[in-house]
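Colleague: Handing you this structure, nothing more for now.
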Amino acid sequence: MPVVALIGAQWGDEGKGHLVDLLASKARLVVRYGGGNNAGHTVVNPLGTFKLHLVPSGIFDPSTVNVIGPGVVIDPEVLLGEIKDLEARGVTTAKLFISERAHVIMPYHIMLDQLQESSRGAGKIGTTGRGIGPAYADKMSRVGIRVADLLHEETLLNRLRGVLEEKNRLLTRIYNAKPLSLHDIYLRYLDFGHQLSDHIANVHPIIHRAVEKDFPVLLEGAQGALLDVDHGTYPYVTSSPPGSAGACQGAGIGPTQINSVLGVLKAYTTRVGEGPFPTEIEGDEATVLRQIGTPWAEVGTTTGRLRRVGWFDAVMSRYAVQVNGIDTLAITKLDVLDTLPTIKVCTGYRLHETQPEYPPATVAVLSQVEPIYEELPGWQTPTTEARRFQDLPDAAQAYAARLCQLVGARLGIISVGPGRDQTIVVNEVF
């Protein structure tokens with residue numbers, strides 16, 4: 001299967017970076033296709049522990065070409081910092097390419113993101129405040145700055161002059177903030193373009209040559225399917241399409257060229273920020289799932305916020321599988337459940353006198369559903385040393401099989417720890 005889209009099938013933070021790092025050795029090309037530095041992928045491998053926000057997680061294999069696709073919004077300062085950190089730790093970025101069509105996060109995007117979120121008060125969305133939403137809004141309003149513009153002095157100045165006049169009116173008249181300097185931003189972002197120039201390219205031929213030659217290509221998602229702007233728990237969503245449709249759009253390939261969609265699911269569920277969460281739990285069980293003080297700790301890679309945790313939600317996950325055409329599952333963090341005597345799985349919802357088959361579209365209604373739980377026996381045996389499916393306790397095998405049955409996709413990979421070697425490949429992805 002030469003082209004595989006790897007997407008999160010929950011609300012993000014499913015362990016996608018861990019799996020991209022694992023699969024990169026079999027891929028010739030890894031393409032990050034959407035989102036921005038609001039996403040974070042923690043990767044643990046023999047080189048150490050890395051927290052990536054924009055650079056594709058395939059960067060650790062020197063033979064793999066890594067592309068930041070046209071669907072990504074890029075904060076150049078963050079990207080340059082990431083590149084510098086990787087190089088300082090012995091990781092080459094010589095094969096990292098940035099699409100000239102990708103949009104740039106500007107200082108006014110970050111300011112407006114934070115001011116808008118603050119003004120929402122109790123109705124806040126839980127944005128990371130990194131300018132992602134306003135950057136995508138400008139992209140759709142056709143007033144965005146693209147990476148290619150950073151390489152052309154006159155183009156950058158003309159586009160920036162027009163948009164900054166409007167943004168300064170918003171900042172000063174609506175939010176009583178100070179205006180931004182055209183001169184300062186222009187020189188700063190021109191310098192960013194100069195520093196990134198060796199990496200900026202027309203990535204279309206890079207991607208399509210790989211597809212045409214049947215090279216293994218991995219499309220790396222950010223966030224999760226339940227944060228999709230169309231199909232997620234709107235308005236508590238991200239500003240981009242993180243699913244398989246977004247993989248096509250954000251990488252610039254057709255849907256018929258994707259051979260497989262690998263959906264990544266935690267063995268339980270987490271969520272960062274605001275929004276409905278039907279299976280959320282508190283107390284001692286939540287403490288176990290959060291794993292504070294371990295490499296698996298449920299703390300946001302990007303935000304540092306404590307993640308909300310809950311039992312596996314098969315209704316939400318089945319919906320994500322259907323919307324994205326997920327055919328293969330990767331179940332992560334199975335080992336987090338090792339100590340539990342029983343494990344709950346939400347198999348359905350109860351809403352008043354009904355049992356809706358799919359998640360309600362309105363968050364006010366979704367917040368009212370009661371999860372219908374099935375209790376499965378725990379295994380109370382460490383799984384971190386298992387390297388084959390048959391090495392897992394029978395109850396752990398049965399749990400993984402039950403999740404696959406409930407959501408409607410085959411099992412591909414199970415992870416039992418943060419290390420690259422702590423993975424069990426049940427069905428090959430490539």
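Colleague: If you put +1 on each Lys and Arg Cβ and -1 on each Asp and Glu Cβ, how big is the dipole of the chain around its Cα centre, in Debye rounded to 20?
Modeller: Dipole of the chain, to the nearest 20 debye: 680 debye.
Colleague: From Cα coordinates alone, what are the radius of gyration and Dmax values for segment 103-196 in angstrom?
Modeller: 13.5, 43
Colleague: First measure r as the distance between the Cβ atoms of R188 and V299, then evaluate 1/(1 + (r/R0)^6) with R0 = 41 Å and state the FRET efficiency to the nearest 0.05.
Modeller: Values: r = 32 Å, r/R0 = 0.77.
Rounded to the nearest 0.05, the efficiency is 0.85.
Colleague: Considering all projection directions equally, how large on average is the shadow of the alpha-carbon convex hull of the chain, in square nanometres?
Modeller: Answer in nm², one decimal: 20.3.
Colleague: Which length gain, in nm to one decimal place, applies between Q355 and E374 when the Cα-Cα distance is subtracted from 0.36 nm times their residue separation?
Modeller: Result: 5.3 nm gained on full extension.
Colleague: Using unit Cβ charges (K, R positive; D, E negative) and no other charged atoms, how large, in debye to the nearest 20, is the dipole of segment 347-416 about its Cα centre? Please report the intermediate quantities before stating the final value.
Modeller: Values: 5 positive and 8 negative charges, 59 e Å.
Its charge dipole is roughly 280 debye.
Colleague: Most mobile of D284, D313, D228 per a Gaussian network model of the chain (Cα springs, under 10 Å)?
Modeller: Highest fluctuation among the options: D284.
Colleague: Using +1 on the beta carbon of Lys and Arg, -1 on that of Asp and Glu, and nothing else charged, what's the dipole of segment 103-196 about the Cα centre, debye to 20?
Modeller: About 360 debye.
Colleague: In nanometres, what is the gap between the two model label sites at K26 and K178, each 7 Å from Cα along Cα-to-Cβ?
Modeller: 5.4
Colleague: Could I ask something else about it? Specify which residue in the list T155, I174, L187 is farthest towards the positive end of the charge dipole of segment 103-196, using unit charges on the beta carbon of Lys, Arg (+1) and Asp, Glu (-1), about the Cα centre.
Modeller: Among T155, I174, L187, the one farthest towards the positive end of the dipole of segment 103-196 is I174.
Colleague: Below 15 angstrom from the Cβ of N427, what's the summed charge of the other residues (Lys, Arg +1; Asp, Glu -1)?
Modeller: Around N427, the charge tally is +1.
Colleague: Test of understanding: ordering I281, I326 by Cβ neighbours within 10 Å, fewest first, what list do you get?
Modeller: The order, fewest Cβ neighbours first, is I281, I326.
Colleague: Also, I was wondering about something else. Taking the convex hull of the Cα atoms, report for segment 212-364 its projected area averaged over all directions, in nm².
Modeller: Seen from a random direction, the Cα hull of segment 212-364 projects 10.9 nm² on average.
Colleague: Still on this structure, I have one more. Pull out a ≥ b ≥ c, the square roots of the eigenvalues of the alpha-carbon gyration tensor of segment 297-421, then state rounded if a/c is under 1.5, prolate if not and a/b is larger than b/c, and oblate in the remaining case.
Modeller: Details: a/c = 1.70, a/b = 1.52, b/c = 1.12.
Because a/c hits 1.5 or more and a/b exceeds b/c, segment 297-421 counts as prolate.
Colleague: On to the next question. Along Cα→Cβ, 7 Å out, is where each label goes; now give me the distance between the ones at F389 and T342 in nm to one decimal.
Modeller: For the pair F389/T342, the computed spacing is 2.8 nm.
Colleague: Here's something else I'd like to know. Order these by the 10 Å Cβ neighbour count, fewest first: R387, R130.
Modeller: R387, R130
Colleague: Another question, if that's okay. Of the cross-linked pairs K95/K213; K84/K167; K26/K333; K84/K213; K51/K266; K51/K167, which ones have a Cα-Cα span greater than 25 Å in the structure shown?
Modeller: Table pairs above 25 Å Cα-Cα are K84/K167; K84/K213; K51/K167.
Colleague: On to the next question. Rank M106, G131, S141 by how far each Cα sits towards the positive end of the charge dipole of segment 68-163 (+1 on Lys, Arg Cβ; -1 on Asp, Glu Cβ) and give me just the farthest.
Modeller: The one lying farthest along the dipole's positive direction is S141.
Colleague: Same structure again: Arranged by the count of other C-beta atoms within 10 angstrom, fewest first, what order do I207, I185 take? Working shown, then result.
Modeller: On the way: I207 25, I185 17.
Sorted ascending by nearby Cβ count, the order is I185, I207.
Colleague: Work through the residues other than S63 whose Cβ is under 11 Å from its Cβ and net out their charges, Lys, Arg +1 and Asp, Glu -1.
Modeller: +2
Colleague: Cα gyration tensor of segment 32-175, axes a ≥ b ≥ c as square roots of the eigenvalues: rounded (a/c below 1.5), prolate (a/b > b/c) or oblate?
Modeller: Verdict is oblate for segment 32-175.
Colleague: Local charge sum around I343 (other residues, Cβ-Cβ under 11 Å, Lys/Arg +1, Asp/Glu -1)?
Modeller: Net charge in that neighbourhood comes out at -2.
Computed from the coordinates by the stated procedures, all read-outs in this text should not be read as laboratory data. Being a predicted model, the structure only gives us computed values, none of them experimental. Positions of Cβ are backbone-derived with ideal geometry, glycine not excepted, and every protein chain shown enters the neighbour counts.
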